[in-house]
Amino acid sequence: YFTYLKIKQKILKRNDEYVKIGLLRKYLLVILVPMCAIVSLVVTNSYNSANNLTVILNNIFNHRLELGKKGIEMYGLKLFGQQVAMNGYGGTNNLMSKYFFIDNSYVHIALRYGVVILFVICIYFMCLNYRILKNNNIFIPIIIGFIAINSLVAHHFIDLSYNPFILCFFTNI
C-alpha cells in the first residue's frame, strides 16, 4: 500500500505527462484484459505437439499451453463452468505423478466458472478502465494491465489478494 502511495505521488507530480497519453494507448488499456483472455484461449486451444511454433511457445511458458489444452480437451468449455479437478504442487517440493494445474487465469476461469463469467469479467474490466481513464487517471489501468499480463502465467486474476481492483465496482472512482 505504501509503495502504491509513493508511486502515485510521483505520478501526480508529473500528472500532465501521464494524462496526455495518446488515444491509442488509452484504447489499449481499455481492451487489454479481453485481449489477453482471447489470445490465451486461442493460443492454448491451438496448441499442437506437432507444430514447432506452439511447442516453442509451450516451452517458453513452462508447459502451460499443453496443460491448458489438456484441460480443454478433458472438460470442454462450458457456458457456466464445471468442477475441474486439479493437482498442483501447492508450494511444496514433493513431486506428484499426476500433476495437472492450469496456471493461465483466463483458461482457468473459462474452465471452472464458464465462458459467460469470463466474458462478464472482461466487460467489467473494460468498463472499469474506461471509466477511470475518462477521469484522467492512468495509474490504476496501468496496474490492471500488469495484472492482466501476469495472469497469462498465473491463476490469481480473480483472487482479491492479487487483484484488489475487482472491488472497484463498489467504489466511486
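How large is the dipole of segment 34-134 about the Cα centre if only Lys and Arg carry +1 and Asp and Glu carry -1, each at its Cβ, rounded to the nearest 20 debye?
On the way: 8 positive and 3 negative charges, 47 e Å.
Magnitude of the dipole: close to 220 debye.
Excluding ligands, DNA and RNA, what is the solvent-accessible area per residue of segment 63-173 at a probe of 1.4 Å, expressed in Å²? Before the final figure, lay out each step's value.
On the way: 6270 Å² over 111 residues.
Averaged over the residues of segment 63-173, the accessible area is 56 Å².
Output the peptides 163-171, 28-36 sorted from most to least packed, where packing is the average of other Cβ atoms within 10 Å over each peptide's residues. Before the final figure, lay out the partial values.
Working: 163-171: 13.3, 28-36: 19.8.
Averaged packing, sorted descending, gives the order 28-36, 163-171.
The values are calculated or read from the model by the stated rules, or taken from the named source; none is laboratory data. In this text, all values refer to a predicted model and were calculated from it rather than measured experimentally. No Cβ is skipped: glycine too gets one built from the backbone with ideal geometry, and neighbour counts run over all protein chains shown. Calculation scope for accessible area: heavy atoms of the full protein, side chains included, ligands and nucleic acids excluded. Shrake-Rupley method; radii C 1.70, N 1.55, O 1.52, S 1.80 Å.
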